Amino acid sequence: MKFFISSIVCFIIVGCSSLSKSPKDSFLWLENIEGDIALKWVKEQNEITKKKYETKSQFSKVKADVSYILGADDRIFYVSMSGDYVYHYLQTPKNPKGIFRKATFSSYAAKKPKWEEIINIDDLAKNENENWVWKGLSCFEPEYKRCLLKLSRGGKDAVVVREFDLTEKTFVQDGFVVPEAKTDVSWIDMDHVLLATSFGSDTLTLSGYPRQVRMWTRGQKYKDAKLITEANVDYVSASFQVFYHPKKPLSVIQKSPSFYETEYFINNNDNQLVRLDVPNDIFLWGLVEDQIIFETKSNWDRFNVKAGSLIAIPRSDLEKSGAVTDLNIIFTPNDKQSITDLKTTSKALYISLLTSVRGEIVKWTYKNKKWKSSVFALPKTGMTRIVSVDEKEDKSLVEYTDFLTPPQIWLFRKSGVKTKVAELPSRFQTKGLVVEQKFAISRDGTRIPYSVVRNTAKKGPRPTLLYGYGGFEISLTPSYLAVKGKTWVENGGTYVVANLRGGGEFGPNWHTSVLKHNRQKVFDDFIAVAEALIKEGITTSKQLGIEGYSNGGLLVGAVAMQRPDLFGAVICGAPLLDMMRFHKLLAGASWIGEYGDPDSPEDASYIKKYSPYQNIREKTKYPSIFIITSTKDDRVHPGHARKMAAKLLEVGAPLT
């Protein structure tokens, strides 16, 4: 069975060669990210893999199809709105690093945007002899003239921050500048920003994130910024959010003991920092009128609020002492619903809502102490997403798509009138294709939904690619299969997306039910879907390939070790694989809340049972495995992928 990767830009491909047998875990040297010996080994594996794929007859056509789709001039543009303008970051074959540009809103709404270049990252990188990668910008509202622009060297999470003038199209002389680090920065006013970054090694948490929040005044050196608060070194991070309001912006300081716990602080009426009396797993979304918006992640029995509910707490109450004396329940989902995204302006909130893994957009406004909702008129058979909302005017851009329908962007105005402003042309033939939602029964009896995209005219079992993630409350929704539709489904392959526990498809409990010692349930869910596909005659084990990235890389790595008989091929990208050491590598310690702590004997006992790296066995027939990582990944350590590849080669497994 042959699988091709849709995009390998910036990735290092680990291929196959022979290695002599080594003592237990003799591959720690591959954790040396930029080490000469490690990079030499990586280069050797890459060359073997490249030669293997580039000589295949299908390679040139697949590469051409993928390159066209990803670089097509007629692709859809996802913009951000601000008053009279829309802003957009464009990458093309001519400008692979990208151009940040703007157009008038009126020209964009008329489907004839007249683009004006603001900054060319390719030119900037060339002039400064840097491998700059665009990481976005944060602009001062509502003027949207001064911005804090983020640039990464090679695509790392660490960024350089530089103040930029959108009107003058130039960096501000003696403006706000932060050297390379993992950084949060937000405007308070034109002369003050909140800053969380590295002020020295003792100002970072064990996870490598900032643990200090400071107030930085224009003209100061960033290291002289005034300390506001500091998190414990064993916390994940200290950070903040600033929400615009025409009367007074709201600044909220956050300290995170774990990935799923947050302590919130605001300044009270005496300008003293006070902690909010809210559950530590609650999620802060924004500010609407004078109401602070939260989503509960567990039941809040004190106010009879169920997990997954959207609530509003008066700002004035919290600014007195941080105590919660009253709240309004805006929305409580049923057991088939979840909130996947939410955006706010000072006047309204917009919810992306899933019901049985199909989306809709609901707008809520607050008037006369009551919340009122309206549902946007869009199909309810696919995925909906809030692209942008405008603070100055009551308008929003919303995307609709599904597996077979190219993305459409709709403009909704305050009057309720909607206009289609953009639509992606079809990228593959859909005649004869169907989308079916099915259910598999996991080991503990839980029903696991999965979506199947296939051509029913193709009889008998077909080559099938099964994709999954199952973690961090991330939902997998019906997204257009532009690349996979062209290179896989159009050629007779079947594509499947599994909605595993660990995701957010059915609310917080769908996620929390498989944390830490219950992690094996995610793998059981995925195996159950694979077995259902085979039982229904959709595919066979030899024809079944699986794919996952990051936490999904852990997923496919784990099930490939547990049930190598069930799969014919594995695509394992940017993976977590040595779970006994994940907490010691880069940002890994921040994920202890998801997986557990390998330094705890109790946690280590269950982690070791599923950790892919620790469960490679000799004399085992493994499926063909394709492993992908990036040398510049400063979140998931490339050592996971490198060591897994080396150890698999040691036992004679077929890397491809």
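FYI, it's all coordinate maths here, none of it is from the lab. Predicted model, so just to flag it, every value in this text is computed and none were measured. Quick reminder, even Gly has a Cβ in these numbers, built from the backbone with ideal geometry, and neighbours come from all protein chains shown.
Considering only DSSP beta bridges with both partners in the stretch 427-650, what is the antiparallel share in %, to the nearest 5? Before the final figure, lay out each step's value.
Working: 13 of 32 bridges.
Percent antiparallel among DSSP bridges in the stretch 427-650 is about 40.
Express the relative contact order of the chain as a whole percentage, based on alpha carbon pairs under 8 Å and six or more residues apart in sequence. All intermediate terms of the calculation are to be shown ahead of the outcome.
On the way: 1530 pairs, mean separation 73.9, N = 656.
Over the chain, the number comes to 11 percent.
Rounding to the nearest 10 and keeping the result within 0 to 90°, find how far the Cα-based axis of helix 59-71 lies from the longest principal axis of the chain.
Once rounded, the angle reads 10 degrees.
Suppose R0 equals 30 Å; then what is the FRET efficiency for Lys372 and Asp326 from their Cβ-Cβ distance, rounded to the nearest 0.05?
On the way: r = 19 Å, r/R0 = 0.64.
Between Lys372 and Asp326 the formula returns 0.95.
In nanometres, what is the gap between the two model label sites at Asn268 and Lys542, each 7 Å from Cα along Cα-to-Cβ?
Spacing of the two 7 Å Cα→Cβ label points: 7.2 nm.
Taking 25 Å as R0, compute the FRET efficiency from the Cβ-Cβ separation of Asp317 and Thr167 and round it to 0.05. Walk me through the numbers before you get to the answer.
Numbers: r = 40 Å, r/R0 = 1.58.
About 0.05, to the nearest 0.05.
List the residues of the stretch 455-482 whose backbone N lies under 16 Å from a point placed 7 Å from the Cα of Gln58 along the Cα-to-Cβ direction.
Those under the cut-off are 455, 462-466.
Tell me the angle of helix 601-610 to the major Cα principal axis of the chain, expressed in degrees between 0 and 90 and rounded to the nearest ten.
Roughly 50 degrees, rounded to the nearest 10.
Apply the Karplus parameterisation 6.51 cos²θ - 1.76 cosθ + 1.60, with θ equal to phi minus 60°, to every residue of the stretch 84-95 and state each ³J(HN,Hα) to the nearest whole Hz, in sequence, with x for glycine and proline.
Taking θ as phi minus 60°, the curve returns 7, 10, 10, 10, 8, 9, 10, 10, 9, x, 6, 10 Hz for the stretch 84-95.
If you take the square roots of the eigenvalues of the alpha-carbon gyration tensor of the stretch 386-489 and sort them as a ≥ b ≥ c, do you get rounded (a/c under 1.5), prolate (a/b over b/c) or oblate? Intermediate values should be presented prior to the final figure.
Numbers: a/c = 2.90, a/b = 1.58, b/c = 1.84.
Here the stretch 386-489 falls in the oblate category.
How much length is gained if the chain between Thr381 and Lys50 is pulled fully straight, taking 0.36 nm per residue apart and subtracting their Cα-Cα distance, in nm to one decimal?
On the way: separation 331, 0.36 × 331 = 119.16 nm, distance 3.97 nm.
Net length gain for the segment: 115.2 nm.
How far is helix 36-54 tilted off the main Cα axis of the chain, in degrees rounded to 10, range 0 to 90?
In the chain, helix 36-54 runs at an angle near 70 degrees to the longest axis.
Convert each backbone phi in the stretch 389-406 into a coupling constant with the Karplus relation 6.51 cos²θ - 1.76 cosθ + 1.60 (shift: θ = phi - 60°), then list the ³J(HN,Hα) values in order as whole Hz, x for Gly and Pro.
10, 10, 6, 6, 10, 7, 9, 8, 10, 10, 9, 10, 7, 8, 4, 10, 9, x
So what is the relative contact order of the stretch 182-314, in percent, for Cα pairs below 8 Å that sit 6 or more residues apart? Could the numbers behind the result be given before it?
On the way: 284 pairs, mean separation 17.8, N = 133.
Taking the mean separation of contacting Cα pairs over the length of the stretch 182-314, I get 13 percent.
Taking 0.36 nm per intervening residue step and subtracting the Cα-Cα distance, what contour gain separates Val434 from Arg302 on full extension? Provide the component values of the computation, followed by the final result.
Numbers: separation 132, 0.36 × 132 = 47.52 nm, distance 4.71 nm.
Length difference between fully extended and current span is 42.8 nm.
Near Lys97, which aspartates and glutamates are there with a Cα under 12 Å away, not counting those fewer than 8 places off in the same chain?
Within the straight-line limit of under 12 Å, Lys97 reaches these aspartates and glutamates: Asp122, Asp123, Glu130.
In nm, give the distance between the simple-model label positions of Asn280 and Leu39, each being 7 Å from the Cα along the Cα-to-Cβ direction.
The two pseudo-label positions are separated by 4.2 nm.
Per residue of the chain, what 222 nm ellipticity follows from adding -39500 (n - 2.57) for every DSSP H run with n ≥ 4, rounded to the nearest 500?
On the way: 11 runs with 111 residues, N = 656.
Per the formula, -5000 deg cm²/dmol.
Quick check: residue separation of Gln520 and Asn131 times 0.36 nm, minus the Cα distance between them. What number comes out in nm?
On the way: separation 389, 0.36 × 389 = 140.04 nm, distance 4.05 nm.
Full extension of this stretch gives 136.0 nm more.
How many Lys pairs in the stretch 211-329 lie less than 29 angstrom apart by Cα atoms, where the lysines are 8 or more positions apart or on different chains?
18
Excluding Lys94 itself, what net charge comes from residues whose Cβ is under 12 Å from its Cβ, given Lys and Arg +1 and Asp and Glu -1? Display every interim value, and only then the final one.
Working: positive: Lys97; negative: Asp73, Asp122, Asp123.
Charge balance in the 12 Å sphere: -2.
For the stretch 190-232 and the stretch 533-591, compute the distance between their C-alpha centroids and round to whole Å.
About 38 Å separates the Cα centre of the stretch 190-232 from the one of the stretch 533-591.
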